[in-house]
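Visitor: Please find one structure pasted underneath; my questions will follow.
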Amino acid sequence: MEELGLFPLGIVLLPTERVPLHIFEPRYRELIGECIDGEHEFGLVFADEDGVRELGTRARVDEVLEQFDDGRMNVVVEGGERFSVERLTQGRPYMTAVVAPVEDDAVDADAEAVARATASFRALAGAAEAGAGDLDEEAEQLSFALAAQVELAPEMKQELLELRSEQKRLELVAEMLDGVRAVLIATRELGERAKKNGSRLT
(Lines give C-alpha, C1' and ligand atoms only; values in the text may rest on other atoms or scores of the structure.)
Protein backbone atom coordinates (compact mmCIF):
# COMPACT_ATOMS: atom_id res chain seq x y z
CA MET A 1 0.00 0.00 0.00
CA GLU A 2 1.07 3.57 -0.60
CA GLU A 3 -0.29 7.08 -0.49
CA LEU A 4 -1.40 8.55 -3.79
CA GLY A 5 -2.67 11.97 -4.80
CA LEU A 6 -6.16 11.68 -6.26
CA PHE A 7 -7.75 13.65 -9.10
CA PRO A 8 -11.57 13.17 -9.10
CA LEU A 9 -13.03 13.83 -12.55
CA GLY A 10 -16.18 13.17 -14.53
CA ILE A 11 -14.30 10.75 -16.77
CA VAL A 12 -12.93 7.23 -16.39
CA LEU A 13 -9.38 6.44 -17.46
CA LEU A 14 -8.81 2.84 -18.53
CA PRO A 15 -5.43 1.10 -18.35
CA THR A 16 -3.45 1.86 -21.58
CA GLU A 17 -5.83 4.74 -22.46
CA ARG A 18 -4.40 8.18 -23.28
CA VAL A 19 -6.57 11.25 -22.66
CA PRO A 20 -5.95 15.01 -22.77
CA LEU A 21 -6.62 17.02 -19.61
CA HIS A 22 -6.85 20.75 -19.04
CA ILE A 23 -5.51 21.49 -15.55
CA PHE A 24 -6.75 24.78 -14.12
CA GLU A 25 -7.63 24.44 -10.41
CA PRO A 26 -4.68 25.51 -8.22
CA ARG A 27 -4.72 22.32 -6.11
CA TYR A 28 -4.62 20.10 -9.17
CA ARG A 29 -2.00 22.28 -10.84
CA GLU A 30 0.07 21.55 -7.73
CA LEU A 31 -0.63 17.81 -7.93
CA ILE A 32 0.16 17.50 -11.64
CA GLY A 33 3.19 19.78 -11.30
CA GLU A 34 4.60 17.52 -8.58
CA CYS A 35 3.94 14.44 -10.70
CA ILE A 36 5.78 15.99 -13.65
CA ASP A 37 8.73 17.15 -11.56
CA GLY A 38 9.04 13.90 -9.62
CA GLU A 39 8.05 11.63 -12.51
CA HIS A 40 5.49 9.83 -10.39
CA GLU A 41 1.85 8.87 -10.80
CA PHE A 42 -1.45 10.16 -9.47
CA GLY A 43 -4.80 8.42 -9.18
CA LEU A 44 -7.69 9.35 -11.46
CA VAL A 45 -11.06 8.48 -9.92
CA PHE A 46 -14.52 8.88 -11.44
CA ALA A 47 -16.71 11.41 -9.64
CA ASP A 48 -20.31 12.35 -10.38
CA GLU A 49 -23.46 13.31 -8.45
CA ASP A 50 -23.27 9.94 -6.68
CA GLY A 51 -19.85 10.76 -5.26
CA VAL A 52 -16.27 9.60 -5.82
CA ARG A 53 -15.66 5.96 -6.72
CA GLU A 54 -13.28 3.88 -4.66
CA LEU A 55 -11.69 2.10 -7.61
CA GLY A 56 -9.61 4.14 -10.03
CA THR A 57 -6.64 4.08 -12.35
CA ARG A 58 -3.07 5.20 -11.84
CA ALA A 59 -2.12 7.88 -14.35
CA ARG A 60 1.16 9.36 -15.45
CA VAL A 61 1.71 12.53 -17.43
CA ASP A 62 2.84 11.30 -20.84
CA GLU A 63 3.09 14.68 -22.54
CA VAL A 64 2.86 18.35 -21.62
CA LEU A 65 1.14 20.02 -24.56
CA GLU A 66 0.99 23.59 -23.30
CA GLN A 67 1.79 25.61 -20.18
CA PHE A 68 0.19 29.00 -19.62
CA ASP A 69 1.58 31.99 -17.73
CA ASP A 70 -1.12 31.68 -15.05
CA GLY A 71 -0.14 28.09 -14.25
CA ARG A 72 -2.82 26.30 -16.26
CA MET A 73 -1.63 23.49 -18.48
CA ASN A 74 -2.78 21.04 -21.12
CA VAL A 75 -1.37 17.56 -20.70
CA VAL A 76 -1.89 14.03 -21.99
CA VAL A 77 -2.05 11.29 -19.37
CA GLU A 78 -1.83 7.54 -19.80
CA GLY A 79 -3.64 4.97 -17.69
CA GLY A 80 -1.67 2.37 -15.75
CA GLU A 81 -2.64 -0.13 -13.08
CA ARG A 82 -5.93 -0.06 -11.21
CA PHE A 83 -6.12 0.66 -7.50
CA SER A 84 -8.67 0.69 -4.70
CA VAL A 85 -8.93 3.41 -2.08
CA GLU A 86 -8.31 1.91 1.36
CA ARG A 87 -8.63 5.13 3.37
CA LEU A 88 -8.51 8.86 2.67
CA THR A 89 -5.63 10.84 4.16
CA GLN A 90 -5.16 14.53 4.91
CA GLY A 91 -2.49 17.18 4.83
CA ARG A 92 -2.39 18.25 1.18
CA PRO A 93 -4.58 20.75 -0.70
CA TYR A 94 -5.71 17.96 -3.02
CA MET A 95 -7.35 14.64 -2.11
CA THR A 96 -4.97 11.87 -1.05
CA ALA A 97 -5.52 8.27 -0.05
CA VAL A 98 -3.76 5.08 0.93
CA VAL A 99 -4.36 2.76 -2.01
CA ALA A 100 -3.93 -0.93 -2.78
CA PRO A 101 -3.44 -2.60 -6.17
CA VAL A 102 -6.39 -4.35 -7.81
CA GLU A 103 -5.63 -7.80 -9.16
CA ASP A 104 -7.60 -9.86 -11.67
CA ASP A 105 -8.64 -13.40 -10.87
CA ALA A 106 -6.21 -16.08 -12.06
CA VAL A 107 -8.45 -17.38 -14.84
CA ASP A 108 -7.48 -16.53 -18.42
CA ALA A 109 -10.12 -15.55 -20.94
CA ASP A 110 -11.02 -18.24 -23.45
CA ALA A 111 -10.30 -17.97 -27.17
CA GLU A 112 -13.99 -17.52 -28.01
CA ALA A 113 -14.29 -14.39 -25.85
CA VAL A 114 -11.12 -12.95 -27.39
CA ALA A 115 -12.34 -13.67 -30.92
CA ARG A 116 -15.80 -12.19 -30.29
CA ALA A 117 -14.46 -8.97 -28.74
CA THR A 118 -11.90 -8.39 -31.50
CA ALA A 119 -14.53 -9.15 -34.16
CA SER A 120 -16.87 -6.61 -32.57
CA PHE A 121 -14.07 -4.05 -32.52
CA ARG A 122 -13.23 -4.62 -36.20
CA ALA A 123 -16.91 -4.45 -37.14
CA LEU A 124 -17.25 -1.12 -35.32
CA ALA A 125 -14.10 0.22 -36.98
CA GLY A 126 -15.52 -0.81 -40.36
CA ALA A 127 -18.86 0.87 -39.66
CA ALA A 128 -17.03 4.03 -38.57
CA GLU A 129 -14.85 3.82 -41.69
CA ALA A 130 -11.76 3.84 -39.49
CA GLY A 131 -8.85 1.44 -39.48
CA ALA A 132 -8.83 -1.17 -36.72
CA GLY A 133 -5.05 -0.90 -36.50
CA ASP A 134 -2.86 -3.69 -35.19
CA LEU A 135 -4.63 -5.65 -32.48
CA ASP A 136 -2.48 -7.65 -30.10
CA GLU A 137 -4.89 -10.44 -29.31
CA GLU A 138 -2.33 -11.83 -26.88
CA ALA A 139 -2.40 -8.68 -24.73
CA GLU A 140 -2.81 -9.47 -21.04
CA GLN A 141 -5.74 -7.06 -20.66
CA LEU A 142 -7.07 -6.93 -24.21
CA SER A 143 -10.47 -5.76 -22.94
CA PHE A 144 -9.03 -2.45 -21.75
CA ALA A 145 -6.95 -1.98 -24.91
CA LEU A 146 -10.08 -2.36 -27.07
CA ALA A 147 -12.38 -0.22 -24.93
CA ALA A 148 -9.75 2.52 -24.62
CA GLN A 149 -10.03 3.20 -28.36
CA VAL A 150 -13.78 3.85 -28.34
CA GLU A 151 -15.93 6.65 -26.92
CA LEU A 152 -17.92 5.02 -24.13
CA ALA A 153 -20.01 6.54 -21.35
CA PRO A 154 -18.03 6.88 -18.11
CA GLU A 155 -20.51 4.68 -16.24
CA MET A 156 -19.87 1.89 -18.74
CA LYS A 157 -16.11 2.31 -18.45
CA GLN A 158 -16.31 2.27 -14.65
CA GLU A 159 -18.24 -1.00 -14.82
CA LEU A 160 -15.44 -2.45 -16.94
CA LEU A 161 -12.80 -1.10 -14.59
CA GLU A 162 -14.36 -2.77 -11.57
CA LEU A 163 -14.62 -6.25 -13.13
CA ARG A 164 -11.81 -8.53 -12.02
CA SER A 165 -12.35 -11.15 -14.70
CA GLU A 166 -10.84 -10.62 -18.17
CA GLN A 167 -13.37 -13.13 -19.50
CA LYS A 168 -16.31 -11.07 -18.22
CA ARG A 169 -14.70 -7.82 -19.38
CA LEU A 170 -14.25 -9.16 -22.91
CA GLU A 171 -17.86 -10.32 -23.00
CA LEU A 172 -19.01 -6.90 -21.80
CA VAL A 173 -16.72 -5.07 -24.25
CA ALA A 174 -18.19 -7.08 -27.14
CA GLU A 175 -21.72 -6.09 -26.05
CA MET A 176 -20.71 -2.44 -25.67
CA LEU A 177 -18.99 -2.29 -29.06
CA ASP A 178 -21.93 -3.98 -30.77
CA GLY A 179 -24.21 -1.40 -29.13
CA VAL A 180 -22.09 1.51 -30.31
CA ARG A 181 -22.02 0.08 -33.84
CA ALA A 182 -25.82 -0.33 -33.87
CA VAL A 183 -26.30 3.29 -32.79
CA LEU A 184 -23.79 4.48 -35.37
CA ILE A 185 -25.52 2.61 -38.19
CA ALA A 186 -29.00 3.74 -37.07
CA THR A 187 -27.87 7.37 -36.85
CA ARG A 188 -26.31 7.20 -40.31
CA GLU A 189 -29.47 5.66 -41.81
CA LEU A 190 -31.60 8.31 -40.14
CA GLY A 191 -29.39 11.03 -41.58
CA GLU A 192 -29.61 9.53 -45.06
CA ARG A 193 -33.39 9.28 -44.82
CA ALA A 194 -33.58 12.90 -43.68
CA LYS A 195 -31.54 13.96 -46.71
CA LYS A 196 -33.86 12.03 -49.05
CA ASN A 197 -36.96 13.48 -47.42
CA GLY A 198 -35.48 16.96 -47.70
CA SER A 199 -34.78 16.51 -51.39
CA ARG A 200 -38.40 15.54 -52.03
CA LEU A 201 -39.61 18.73 -50.41
CA THR A 202 -37.45 21.04 -52.49
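Visitor: Residues in segment 1-27 near a label at Arg87, defined as backbone nitrogen under 16 Å from the 7 Å Cα→Cβ point?
Guide: 1-4, by backbone N distance to the label point.
Visitor: How much of the accessible area of the chain, in percent, comes from carbon and sulfur atoms when a 1.4 Å probe is used?
Guide: For the chain, the apolar C and S fraction of the accessible surface comes to 49 percent.
Visitor: Quick one: which residues, 5 or more positions from Thr16 or on another chain, have an amide H under 5 Å from its amide H? H modelled 1.01 Å from N in the peptide plane, none for Pro or chain starts.
Guide: Counting only residues 5 or more places away or on other chains, the set is Gly79, Gly80.
Visitor: If you filter segment 21-55 for chymotrypsin sites (Phe, Trp or Tyr not before Pro), then keep DSSP loop positions with at most 15 other Cβ within 10 Å, what is left?
Guide: Taking segment 21-55 and a limit of 15 other Cβ atoms within 10 Å, the loop chymotrypsin sites (Phe, Trp or Tyr not before Pro) found are Phe24.
Visitor: Along its three principal axes, how long is segment 135-177 when you only count alpha carbons? Whole Å, largest extent first please.
Guide: Over segment 135-177, Cα extents along the principal axes are 27, 20, 14 Å.
Visitor: When a/c reaches 1.5 or more, the comparison of a/b and b/c decides; with that in mind, is segment 33-82 rounded, prolate or oblate per its Cα gyration tensor?
Guide: oblate
Visitor: Loop only per DSSP, at most 15 neighbouring Cβ atoms within 10 Å: give me the trypsin sites (Lys or Arg not before Pro) in segment 47-134, ordered by residue number.
Guide: Those satisfying the criteria are Arg72.
Visitor: Rounded, prolate or oblate, given the Cα gyration tensor of segment 92-196, with a/c below 1.5 counting as rounded?
Guide: oblate
Visitor: Calculate, in whole percent, how much of the Cα-Cα pair population of segment 25-131 lies beyond 23 Å.
Guide: 49 percent
Visitor: Follow-up question, since we're still on this one. Relative to the compact-globule scaling 2.2 N^0.38 Å, provide the ratio for the alpha-carbon radius of gyration of segment 1-85.
Guide: 1.02
Visitor: In degrees from 0 to 90, rounded to the nearest 10, what is the angle of the helix 26-38 Cα long axis to the longest principal axis of the chain?
Guide: For 26-38 against the chain, the angle is about 80 degrees.
Visitor: Computed over the Cα atoms of the chain, what is the ratio Rg over Rh, Rh following Kirkwood?
Guide: Taking Rg over the Kirkwood Rh, I get 1.05.
Visitor: Probe of 1.4 angstrom, ligands and nucleic acids ignored: what's the accessible area per residue over the chain, in square angstrom?
Guide: With the other protein chains kept in place, the chain gives 57 Å² per residue.
Visitor: On to the next question. What is the distance in Å between the Cα centres of segment 19-62 and segment 157-178?
Guide: Each part's Cα centre sits 24 Å from the other's.
Visitor: I'd like the GluC sites (Glu not before Pro) in segment 138-187 restricted to DSSP loop residues with at most 14 other Cβ atoms within 10 Å, sorted by number.
Guide: Sparse-neighbourhood loop GluC sites (Glu not before Pro): Glu138, Glu140, Glu151.
The values are calculated or read from the model by the stated rules, or taken from the named source; none is laboratory data. All values reported here derive from a predicted model rather than from experimental measurement. Glycine gets a Cβ as well: all are built from the backbone with ideal geometry, and neighbour counts include every protein chain shown. Calculation scope for accessible area: heavy atoms of the full protein, side chains included, ligands and nucleic acids excluded. Shrake-Rupley method; radii C 1.70, N 1.55, O 1.52, S 1.80 Å.
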